[in-house]
Every structure is written in structure tokens, then in C-alpha cells.
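Working notes, beginning with the structure itself.
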Amino acid sequence: MTVIKHQISVSFEHQVHFTFGVFDRTNPLLQTLLTGRSRRAAALVVVDESLAAVRSDLLQNVGNYFAANTENLHLVCPPVVIEGGERAKNSYFHVSEIHSQIERSHLDRHSYLIGIGGGALLDVAGLAAATAHRGLRHVRIPTTTLSQCDAGVGVKNGINAFGKKNFIGTFAPPWAVINDFQLLSSLSERDKRAGYAEAVKVALIRDREFFLQLERDATALAEFDPEAMRALIYRSAELHVRHIAEGGDPFEFGSARPLDFGHWAAHKLEQLSDNRIRHGEAVAAGIALDVIYSRRAGLLPAASAERALALLEALGFELFANEMLHLDTNHQRVLLKGLEEFREHLGGELTLTLLRDLGQAVEVHEVSLPKMLDALDELQRRHAVAGNRVIAAAGR
């Protein structure tokens with residue numbers, strides 16, 4: 001028997017830009033990113049439907065930008081508007097829709113697919129870009145706090161299948177990410193808040209100083225102060241990108257996924273609520289559950305656990321939902337099935353990120369289900385106490 005072996009190394013440049021008014025005709029950023037070759041850059045633009053509805057000027061601004069730079073840029077058709085939100089990821093339909101437009105527009109591997117929207121829209125557009133011609137150049141323009149903090153600055157794309165989140169997907173670093181702070185202004189307070197959970201997550205597992213900053217800014221963030229929000233987004237994005245670039249496993253060949261702290265429960269909670277609970281809200285609850293479990297497992301000091309929970313509450317998150325109590329036909333908590341689904345998604349043994357202290361993560365490979373159930377019960381009691389305080393305050 002003989003064998004041929006050779007090491008293959010591929011180098012990616014992962015760039016995240018921060019700007020204000022990306023489609024202002026005087027802003028050169030997008031044109032600079034798309035040009036540099038001898039021919040005009042051809043681009044297909046896909047826009048989140050809900051974003052287009054609240055920003056009636058967006059589609060016109062996109063068209064005007066390309067028209068003003070027609071010597072270097074070619075918009076192959078008017079922006080394609082598709083459904084956003086988690087429902088968009090529940091079938092292959094929208095990926096196929098984008099593929100069809102790519103084919104009709106005769107785009108090639110040196111053309112660009114620009115996705116403008118929240119994390120779900122970017123997941124769908126990214127999957128289409130990664131699989132058409134085995135890869136078009138994808139530019140992400142995240143438009144929610146959550147996607148600018150986390151989902152939009154990563155290298156993963158995916159849709160849901162078989163009742164499991166992100167079952168179908170790819171690892172494909174985008175050509176570039178553009179975080180345009182101006183696009184956050186039309187968000188609801190609920191959507192502005194949702195991204196805070198991912199910032200708390202990465203602070204808890206990576207950067208104690210960032211956690212302290214979030215504590216200091218909690219009041220301003222709860223009031224959606226733009227300067228505080230921009231600082232949160234920048235640092236969160238920086239920490240996420242640094243982990244991808246320097247963590248040693250950007251495409252998750254191993255069984256560990258530290259940036260998914262709190263996510264095993266969050267993904268299951270989203271499913272159980274039929275996406276009534278949004279991703280960031282579910283992540284906040286998942287973090288709270290794993291914080292309490294970390295303390296009950298003897299890993300995390302009680303004072304640190306309380307600070308983590310208090311910060312999430314100060315930012316306005318509810319840390320418990322009734323869906324967390326749902327039982328299956330065997331009277332077992334359905335939420336706990338998320339542990340096995342998490343292990344299966346990664347492959348190999350279960351590897352869960354927990355906390356040793358603020359800014360210090362630890363990996364474990366076993367979970368005590370009785371302790372996790374106790375943590376869930378404690379979280380429910382805490383939620384009830386907080387609710388009673390609100391009712392009492394309203395009655396005064």
C-alpha cells in the first residue's frame with residue numbers, strides 16, 4: 001500500500017469595517033472594498049424584508065450609490081428583498097431563490113453577493129454565496145445589534161433542518177463585513193437589546209475588563225445610549241473576530257465551541273418557543289442557566305455568579321421562560337435534550353463551556369442532570385421573585 005500526503009494551508013483575511021452611512025454617495029468604503037480588479041465589480045444585493053419596510057429609503061439609496069459609481073460598480077438587478085428572521089432559515093427556499101437570481105444575472109466567482117439585514121438573513125445569503133459556483137465573494141452588512149456584535153462578523157452560514165438549528169451550513173469567511181451604525185437607528189428597543197446578550201457572553205468567557213465596562217455602562221445601555229451601544233458592539237466584534245483568527249480552530253474541527261457559551265439551551269429554547277423568543281433573548285436565558293450551574297458545580301464563586309445575573313437583568317433581559325419547563329411524553333424536560341443535540345452538532349464528546357470566574361471560561365465534558373435541573377428551578381424562582389417586585393412596585 002502507498003499513500004500520497006500533503007499539507008494544504010489556506011490563508012484568509014477577515015476584515016470588519018465600522019462606518020456611518022455606508023450608502024451615502026460620498027462614503028468610499030464599499031466601492032473601495034469591491035474594486036481593485038481591471039473590470040467593473042458586479043454585485044447582487046439581498047435585503048431583509050423587515051428592514052426594507054422600516055427604512056423606506058434604503059433600496060433607493062442602494063441604487064443611487066451604485067449609479068453614482070457606475071464606472072467601477074455594476075448592480076446586476078434591483079435589490080432582492082427576502083424574508084428575514086429565524087423563519088427564513090426554516091427551509092431551503094430562500095437559498096434557492098438567491099441561487100436562481102445569481103444564475104439569471106450570470107454572476108461568477110469574482111462577483112459579489114451583498115447581504116443587508118439581521119443574522120438570519122446573513123446566514124441565508126451567506127449559504128447561497130458559499131454554494132453558488134462553490135463560492136462567490138460575500139459582503140455582509142449586519143443591521144441589528146446582535147449581528148454586528150456576533151453573528152454577522154463570524155465565518156458561519158446555515159439554515160435549520162430536521163427541527164435542529166443550523167443543521168445545514170458552511171464555514172466560509174466573508175469577503176468583508178461592514179458594521180454601519182446608522183442602520184441601527186430604526187431598530188425596536190427589543191432588537192437593540194437582543195445583541196447585548198452576545199456581548200455579555202464574550203465578556204464572561206474572554207475579558208473581565210469588558211465585563212466591568214458593561215457593568216459601568218449598564219444604565220446607559222438599558223436606555224440605548226448610542227455611544228454606549230457603539231462601544232459594546234466594537235469590543236464584542238473585536239473579541240469574536242480575535243477568537244476566530246487566533247483561537248486555533250476557526251472551522252470547529254474539534255469538539256469545543258467556547259463562543260457558544262449558553263447556547264445549548266438557547267437553541268433549544270428558540271425551537272420550543274417556535275421562535276417567539278428571539279436568539280439574543282434565548283442566549284441571555286441560556287447564559288443565566290449555565291452561570292447558576294457553574295456555581296452549583298463548584299466552579300464559579302457565588303459573588304461572581306450574582307454579578308453576571310444582575311448585569312443581564314439590568315440590561316432588561318428576562319432570564320426565564322415557561323418553555324423551559326416543557327415535558328416530553330416520558331415526563332422529561334425537553335430543554336435538556338439540547339445537551340445531546342449540542343454534542344451531536346459538534347461531534348465527539350460533549351464539550352461545554354462554563355465559567356470559573358468573570359472573564360475565565362472552563363471546558364467540561366460531563367453535566368450533572370440533577371444539578372442542571374436544580375439550576376433551572378433556581379432560575380424559575382429568581383424570575384418569580386423579580387416578577388413579584390415589579391407587581392409590587394406598580395401597585396404603589
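The values are calculated or read from the model by the stated rules, or taken from the named source; none is laboratory data. Values in this document were obtained by computation on a predicted structure and should not be read as measured data. Because the Cβ atoms are built from the backbone with ideal geometry, glycine has one as well, and the counts that use them run over all protein chains shown.
Things worth noting here:
- Sole residue being under 16 Å from Ile141 (Cβ atoms), in the same structural domain as Gly169 (by TED's automatic domain parsing) and either buried (at least 16 other Cβ atoms within 10 Å of the Cβ) or in contact (Cβ under 8 Å) with a residue 24 or more places away in the chain (or both), chosen from Val81, Val95: Val81
- Checking Ile141 against (1) touching a residue at least 60 places away in the same chain (Cβ under 8 Å); (2) not in a strand (DSSP E or B), the condition it does not meet: (2)
- Across the range 282-322, the number of residues qualifying as surrounded by fewer than 24 Cβ atoms within 10 Å (Cβ to Cβ), touching a residue at least 60 places away in the same chain (Cβ under 8 Å) and among the acidic types (Asp, Glu) comes to 2.
- Restricted to the range 323-351, and to residues there that are of a type outside the set (A, V, I, L, M, F, W, C) and under 20 Å from His383 (Cα atoms), the residue that is surrounded by the fewest Cβ atoms within 10 Å (Cβ to Cβ) is His326.
- Leu299 modelled with pLDDT of 95 or more and assigned to a loop (DSSP other than H, G, I, E, B): yes
- The one condition from (1) assigned to a loop (DSSP other than H, G, I, E, B); (2) under 20 Å from Gly195 (Cβ atoms); (3) not acidic (Asp, Glu) that Ala284 does not meet is (1).
- Looking across Glu318, Glu340, one residue alone is at pLDDT below 95, closer than 30 Å to Ala161 by Cα and assigned by TED's automatic domain parsing to the domain that holds Leu272. It is Glu340.
- Any hit, the range 72-81, residues being closer than 18 Å to Ile178 by Cβ and out of contact with any helix residue (DSSP H, G or I) (no Cβ under 9 Å at 6 or more places or on another chain): no
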